[in-house]
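What follows draws every value from the coordinates through simple rules; no lab data is involved. Keep in mind that this is a model prediction, so the values were computed, not measured. Glycine also receives a Cβ, built like all others from the backbone with ideal geometry; neighbour counts cover every protein chain displayed.
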Amino acid sequence: MLHNNPIFKYIQKKDMIDDFCDYGTYMFMASGLSLFNSAVLLVQRPGLGFVANETVWNKKYGRFIKPEARPLLIVRPFAPLEIYYEVTDTYSLYEQKLPEWIYKENNLLPPLPCEEIETLKNNILSIFSRHGIYYAEKDFGERQGGEMQYSPNALCVSYMNKKNRVVSVFTHYSMTINNRHQPFRQLTSIFHEIGHLLCGHLQIDEEINKNDDLDCKIPKRDMEKLTPHQQEYEAEMTCKLIMKAFGFEHSIDESVRGMEKGKAPLFDFEIVAPAADRFLKWYNKAFPNINMRC
């Protein structure tokens, strides 16, 4: 997906970011729908609920499409468009009840147990090397969560390709996370630091960026026009979207992230939303359907 997409510009211009955060992460958890397609749906019908295509409504939920239903369009890989329908556009012949979570977007899933948080963290770490990111942990003290760097000297990472062969690549992207923190706090730091990378706050590693197999496309930014507060806020917004997509709430710390008098600094949502979407696509590709617990 391209950065600077007009869909996300529209979401920001119309002050729909909060609605998008709730709805996009809800649909990701419910069906694996990309954040981009959730934005496409919201632009077509603000305030809509759960959506699916006709086949899913028929086979999974035993429901049919009403004659007066107005279809909604999304973009699908290798196909121009696909038609979706909202839950209110369907009916059941035998009054079959739908799962309760379909009507409770903001309370879709219970929090993950501690042991599953550890599993989620390990799943996420396992995909970094296949996207050209070197990962390590060290003691940062108590307050700092970690850092994302463009390392001057290339580092080697290895991953298993589709032919089950080990492939080694050199990368300048390195993430280091505080080993003193518990897994949940480490997760937050990981998502924040990946936000810095995918929002284009680092120097671009040209070899990694042009490697289609690694799918680590980083937007080019004019960093002289971005203040440290703006960079931190974009990383935190990316973190918030990813956290919500996995069922966690994340509050942005105003004192740490440079907000003044409760007001967020100017930031580019056309960069933030695609950054979170790219990371979630990495996860879904590596672990299809593992996050869909409903």
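When Val40, Val56, Val166 are arranged by Cβ crowding within 10 Å, least crowded first, meaning fewest neighbours, the order is Val166, Val56, Val40.
Where in the chain lies the longest segment free of chymotrypsin sites (Phe, Trp or Tyr not before Pro) that are both loop residues by DSSP (not H, G, I, E, B) and have at most 15 other Cβ atoms within 10 Å? Answer - 95-294.
I need the calculated FRET efficiency for the pair Leu155 and Arg76, taking r as the beta carbon distance and R₀ as 35 Å, to the nearest 0.05. The pair Leu155/Arg76 has a calculated efficiency of 0.45. Counting beta carbons within 10 Å around each of Met16, Met148 and listing the fewest first gives the order Met16, Met148. Estimated purely from DSSP H runs of n ≥ 4, each contributing -39500 (n - 2.57), the mean residue ellipticity at 222 nm for the chain is -12000 deg cm²/dmol once divided by its residues. When both bridge partners sit in the stretch 110-289, DSSP labels roughly 70% of those beta bridges antiparallel. Between Glu207 and Lys163, the modelled label-to-label distance comes to 2.0 nm, taking each label 7 Å out from Cα in the direction of the beta carbon.
Let me know the shape class of the stretch 110-289, please: from the alpha-carbon gyration tensor, a ≥ b ≥ c as square roots of the eigenvalues, rounded when a/c is under 1.5, otherwise prolate if a/b is greater than b/c, or oblate. Write down the numbers at each step before the final one.
Working: a/c = 1.56, a/b = 1.21, b/c = 1.29.
In terms of gyration-tensor shape, oblate.
What's the angle, to the nearest 10 degrees (0 to 90), between helix 114-128's Cα axis and the longest principal axis of the chain? Between the helix axis and the principal axis of the chain, the angle is about 70 degrees.
Taking the beta-carbon count within 10 Å as an exposure proxy, list Met160, Met175, Met27 from fewest neighbours to most.
Ascending number of Cβ neighbours within 10 Å: Met160, Met175, Met27.
Asn122 sits among other residues whose Cβ lies under 13 Å from its own Cβ, and their net charge, with Lys and Arg +1 and Asp and Glu -1, is -3.
Residue pairs exceeding 26 angstrom between C-alpha atoms, taken from Lys13/Lys240; Lys59/Lys285; Lys138/Lys162: Lys138/Lys162.
Angle of helix 269-286 to the longest C-alpha principal axis of the chain, folded into 0 to 90 degrees and rounded to 10: 80°.
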